[in-house]
Amino acid sequence: MQRPLRLVVMAGLALVIFYFLQDALFNDDNYIKPLLKEREEKDLSFRSRTNSPFDAAGRQAFKNLIYYEPNLDYRVSARVEQLARQDTLLMPLTNGSYEPYLRYGTATFELEGGEHKLTLYRKLSGENEELFVPFTDKTNGFETYGGGRFLDVPFEEGDKKVVLDFNRAYSPFCAFNPDYVCPLPPKENRLAIAIPAGEKTYEAPE
């Protein structure tokens with residue numbers, strides 16, 4: 001093979017490898033782009049009158065929520081174990097009252113070199129196929145809302161695994177407006193590690 005032709009072939013292979021690695025590492029089309037689109041849509045909803053924690057003045061001043069950069073390391077697969085006794089927990093709320101949730105099971109996962117566990121809850125009010133995961137971690141009160149954050153986890157009965165996507169961890173409405181009442185994560189969902197993913201603390205513009 002002549003040298004110029006060999007260089008062309010090698011350059012072509014390098015280009016193919018580059019695009020393959022780009023897709024494998026960043027997965028823009030399949031993951032990051034939809035995630036960023038969700039964040040844009042949430043900003044739009046926070047500016048609307050019908051689905052925003054802000055009053056009229058707050059909606060007018062609102063620009064956008066702040067997030068950690070998407071990181072696929074914080075999208076983890078977790079092993080689901082249903083609890084033998086799925087009892088009802090009266091989860092404390094920010095106003096001192098309680099709201100009932102079913103303790104459905106536990107999700108065990110590997111992260112930051114260790115094994116961790118979160119309890120999966122099911123809301124008793126209304127029909128919801130998602131499981132509710134309120135949690136705290138070492139970022140709370142520093143980079144994220146001090147009262148903890150939430151995950152909504154897609155789930156079908158009988159699933160042995162779930163995906164905990166911490167890039168989609170979000171703050172409750174009471175993080176933006178103290179007039180709202182929100183659940184407080186139970187002690188069993190206090191993680192001993194930092195989860196630098198998802199929504200950060202919101203600071204209203206001055």
- Query: Any idea which of Gly105, Gly147 is open to solvent by less than 80 Å² (accessible area, probe 1.4 Å), part of a loop (DSSP other than H, G, I, E, B), out of contact with any Lys or Arg (no Cβ under 8 Å at 6 or more places or on another chain) and not hydrophobic (A, V, I, L, M, F, W, C)?
  - Reply: Gly147
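Just to be sure before I move on: is Lys123 of a type in the set (Lys, Arg) and modelled with pLDDT under 95 in the structure I sent? Talk me through it step by step, then tell me what you get.
On the way: of a type in the set (Lys, Arg): yes; modelled with pLDDT under 95: yes.
So Lys123 passes the test.
Is it true that some residue in region 128-137 is under 22 Å from Arg168 (Cβ atoms), part of a loop (DSSP other than H, G, I, E, B), among the charged types (D, E, K, R) and at pLDDT 95 or above?
Step one: of region 128-137, the residues under 22 Å from Arg168 (Cβ atoms) are 128-137.
With part of a loop (DSSP other than H, G, I, E, B) added as a condition, the list becomes 128-129, 137.
Filter again for among the charged types (D, E, K, R), leaving 129, 137.
Next, only the ones that are at pLDDT 95 or above stay: 137.
Yes - at least one qualifying residue is present in region 128-137.
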- Top-ranked residue in region 44-55 [being assigned to a helix (DSSP H, G or I) and closer than 14 Å to Ala204 by Cβ; ranked as nearest to the chain's Cα centre (by Cα)]: Phe46
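In contact with an Asp or Glu (Cβ under 7 Å, 6 or more places away or on another chain), over 24 Å from Asn95 (Cα atoms), surrounded by fewer than 22 Cβ atoms within 10 Å (Cβ to Cβ) and of a type in the set (D, E, K, R): is that true of Glu130 in this structure?
Numbers: in contact with an Asp or Glu (Cβ under 7 Å, 6 or more places away or on another chain): yes; over 24 Å from Asn95 (Cα atoms): yes; surrounded by fewer than 22 Cβ atoms within 10 Å (Cβ to Cβ): yes; of a type in the set (D, E, K, R): yes.
In short, yes.
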- Can you name the residue in region 77-94 that is in a strand (DSSP E or B) and open to solvent by 40 Å² or more (accessible area, probe 1.4 Å) and is also nearest to Gly148 (Cα to Cα) among such residues? Pro92
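Being acidic (Asp, Glu) and touching a residue at least 60 places away in the same chain (Cβ under 8 Å) is the filter; apply it to region 95-130 and report the residue that is nearest to Glu157 (Cα to Cα). I'd like the intermediate steps shown before the answer.
Taking region 95-130 first, the residues acidic (Asp, Glu) are 99, 110, 112, 115, 127, 129-130.
Then keep just the ones that are touching a residue at least 60 places away in the same chain (Cβ under 8 Å); that gives 99, 112.
Working: Glu99: 23, Glu112: 29 Å.
Result: Glu99.
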- Item | Condition met for Val163 (closer than 19 Å to Pro70 by Cα, open to solvent by 10 Å² or more (accessible area, probe 1.4 Å), part of a strand (DSSP E or B) and at pLDDT 95 or above) | yes
- Task: Please verify whether region 175-198 includes one or more residues that are open to solvent by less than 60 Å² (accessible area, probe 1.4 Å), on the phi > 0 side of the Ramachandran plot and over 16 Å from the mean Cα position of the chain (by Cα).
- Result: no
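Taking the stated definitions as given, is Glu203 without any contact (Cβ under 8 Å) to a residue 40 or more places away in the chain, in a loop (DSSP other than H, G, I, E, B) and over 14 Å from the mean Cα position of the chain (by Cα)?
Details: without any contact (Cβ under 8 Å) to a residue 40 or more places away in the chain: no; in a loop (DSSP other than H, G, I, E, B): yes; over 14 Å from the mean Cα position of the chain (by Cα): yes.
So Glu203 fails the test.
The values are calculated or read from the model by the stated rules, or taken from the named source; none is laboratory data. All values derive from a computational prediction rather than experimental measurement. Positions of Cβ are generated from backbone atoms using ideal geometry, with glycine treated the same way; all protein chains shown enter the neighbour counts. Just the protein is used for accessible areas: all its heavy atoms, side chains included, with ligands, DNA and RNA removed. Shrake-Rupley method; radii C 1.70, N 1.55, O 1.52, S 1.80 Å.
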